[in-house]
Amino acid sequence: MTEETILFHFYAKRALSDIELLNLAANGMKEDKSKVKCLFSGPAGNDLQLSVFSNNDNKVLNIRNYESQKLYMFDILVMRSRVKVDLVYIRHVEEGIKKFLTSIDAFDRMYCMLGPVRRGEALWRYFITADEFLVEFHLDRLVVERQTKYQNVKIFWSEAHGHVLFLDEDVMLAEKDQEPYTRVLLGLETGKPARNCYADKEILILGGGDGGVICELLKQQPRMVTMVEIDSEVVQLCAKYMRGACEDALDTLEGPNKKIIIGDCLDHLHECIQSGKKYDYIINDLTEFMINKEERGWNYDFATDNSQMMEISLKALKPDGCFILRGGSLHFKKFWGRFEEDCRKLGLQFRVYDNFVPGFYEIYRFYEVRFA
């Protein structure tokens, strides 16, 4: 069963009587008022009156009246199988309510969400952006879900975005975001001069289990791309379902100029530092996190609290190399503010690139960091 909720609120010129609220509910439900019953009406807190109405046919209407503000909030709850809730239906209800309030000289102004909030489905479409806006993600169906040793993995199908990868309920990549996300991250935007040259270079990818980054890099004829991803099941699922992003890059773990290591990228970086191995490019396709050096038995001295992944990566980077990372949403001002401060503290040069990523529904920030 799916329940759809239509959200309205309006300001009234005056308080509405009980009979006017009943008529308002009937208009909202598009019912004769004789079929509408008031299930509850009374105070629900300081300055708040609550009224609940039903038509006994899977429609419920809640009205909350904040008396001092003359503000009325009401939600119409509809069982989808009984009524088709769409823009035409909502507009019709909106006009009916506005007409009724005008007829009793109570209408001031009204606002309506022109799409229902859907609950009760197996598919949950609602997510919060970094700036705390609610977004209804365009998802059509769940393709696969897997609880791995490390995380919950979901891949959805979307007509708008293609296949979309979620890890622990956070969107990681949509197939149609190869241009606005992956190619911008790498400095390979279509129609623009390339910012970076990967031909005949040695490259390390930290994370990147969706395969989008390694797929684009292999097209640039690098000497060797090494990708270190901790979750083998992410790689397997993306190789099968995220073909629009990874193409055939994840079909094998090794090739003439690629190597995919299933393991901890920090362990790999530590091994590189111990052996003296250095890369031309290190691409951090992870989120930043604190490193517990005591737990790992390391004796590194970190100069920063927030950019330790970058610090240890720089130890495996050639002097003329470049460290590339996803900086997160443009609204993560505290994160990238601290990151840029850490770069200056470490005497590093950095460049910033911002781009709107449709699958994230927001502007994303990318960094290229080099030694001064």
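The values are calculated or read from the model by the stated rules, or taken from the named source; none is laboratory data. Please read all numbers here as calculations on a predicted model, not as lab measurements. Every residue, glycine among them, receives a Cβ derived from its backbone with ideal geometry; neighbour counts consider all protein chains shown.
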Where residues in the stretch 91-132 are free of Cβ contacts under 8 Å to residues at least 60 places away in the same chain and touching a His at 6+ places or on another chain (Cβ under 9 Å), which of them is surrounded by the most Cβ atoms within 10 Å (Cβ to Cβ)? R125
Tabulated pairs, the stretch 277-290, first modelled with pLDDT of 95 or more, second surrounded by fewer than 16 Cβ atoms within 10 Å (Cβ to Cβ), C-beta under 6 angstrom, 6+ apart or interchain: K278/K318; D280/K318
Reported set for the stretch 190-216 where residues are surrounded by 16 or more Cβ atoms within 10 Å (Cβ to Cβ) and free of Cβ contacts under 8 Å to residues at least 40 places away in the same chain is G209, G211, G212, C215, E216
Which listed residue, of K278, K258, is surrounded by 19 or more Cβ atoms within 10 Å (Cβ to Cβ), touching a strand residue (DSSP E or B) at 6+ places or on another chain (Cβ under 6 Å) and more than 27 Å from H161 (Cα to Cα): K258
